[in-house]
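Peer 1: Shown below is the structure under consideration.
The values are calculated or read from the model by the stated rules, or taken from the named source; none is laboratory data. For clarity, every value in this text was computed on a predicted model and none was experimentally measured. Here the Cβ positions follow ideal geometry from the backbone for every residue, glycine too, while neighbour counts run over all protein chains shown. To get the accessible areas, we keep the full protein, side chains included, count just its heavy atoms, and leave off ligands, DNA and RNA. Shrake-Rupley method; radii C 1.70, N 1.55, O 1.52, S 1.80 Å.
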Amino acid sequence: MLKRFLKEWVLLTFLPLYLILTFVLTFGTVSGESMEPTLYDGERLLVLKYPRWLTVWGILRSFPQHGQLLVLKAPADSEYAIEKGWFGLEHRPYMVKRLIGKPGDTLEIREGEVWLNGKKLPEPYASEARGADSLPEIKLKEDEYFVLGDNRATGSSVDSRYYGPVKFSDLAGPVVPLF
């Protein structure tokens, strides 16, 4: 009786929960100031994983979209990819950034202003203190996505300006701020 109960409990509770957290959605918390003034340190997020999986499976073609807030990891070969956590264990942390460029896009940063495909990108979400960062024109290749934090003050956001474009496999999904 107990064995059957435990088996059913695992199958009816933990398996669906695992599938939901892996393929549908999960929760997260903003850590740091890189997304201010849009998101603040400690703010809770809902991470929607299903758009990424539906894209992988060829069902959805609209993910990701320009301007979308995404949870992602820095490229694995980047010096920013590894972080030491509890007990000195290394891991690749997730971060929140805004998608600026997709494969085939050409972008440039001139004195803190982003130019996408030859046009200045209106960015009402970006911080006023944009710094004087510049980046020569780059054309994103297949499977390259350029992301930036909304806090553009010099040194406030480690993003594609530092570690370069990210790959689709490093994207977890779009986010919805909760509170």
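Peer 1: Between residue 56 and residue 141, how many nm apart are label points set 7 Å from Cα along the C-beta direction?
Peer 2: Simple spin-label model gives 2.3 nm for this pair.
Peer 1: Using a 1.4 Å probe and ignoring any ligands, DNA or RNA, find the accessible area of residue 50 and quote it in Å² to the nearest 10.
Peer 2: Spelled out: residue 50, probe radius 1.4 Å, area about 100 Å².
Peer 1: Tell me which of 35, 12, 66 sits at the most positive position along the dipole axis of the stretch 1-69, charges placed on C-beta atoms (Lys, Arg +1; Asp, Glu -1).
Peer 2: Highest projection toward the positive end goes to 12.
Peer 1: Let me ask another. Restricting to the chain, compute how many DSSP beta bridges are antiparallel as a %, nearest 5.
Peer 2: 100 percent
Peer 1: Continuing with this model, one more query. Can you tell me the mean projection area, over all orientations, of the convex hull of the stretch 73-125's alpha carbons? Units nm², please.
Peer 2: Taking the Cα atoms of the stretch 73-125, their convex hull projects to 5.4 nm² on average.
Peer 1: Regarding the chain, what is the average projected area of its C-alpha convex hull, in nm²?
Peer 2: Directional mean of the projected Cα hull area for the chain stands at 13.0 nm².
Peer 1: Let me ask something additional. Hey, if we sort 152, 52, 4, 61 by accessible area with the 1.4 Å probe, largest down, what's the order?
Peer 2: Descending accessible area places them as 61, 4, 52, 152.
Peer 1: Another question about this same structure. Compare 72, 17, 45 in a GNM of the chain, Cα atoms joined below 10 Å, and give the one with the largest fluctuation.
Peer 2: Answer for the Gaussian network model of the chain: 17.
Peer 1: Full-extension gain between residue 176 and residue 92, please, as 0.36 nm times their residue separation minus the C-alpha to C-alpha distance.
Peer 2: That works out to 28.1 nm of additional length.
Peer 1: What accessible surface, in Å², does a 1.4 Å probe find on residue 35, ignoring ligands, DNA and RNA and rounding to the nearest 10?
Peer 2: 0 Å²
Peer 1: Further question: Computed FRET efficiency, Cβ-Cβ of residue 105 and residue 40, R0 30 Å: what is it to the nearest 0.05?
Peer 2: The pair residue 105/residue 40 has a calculated efficiency of 0.55.
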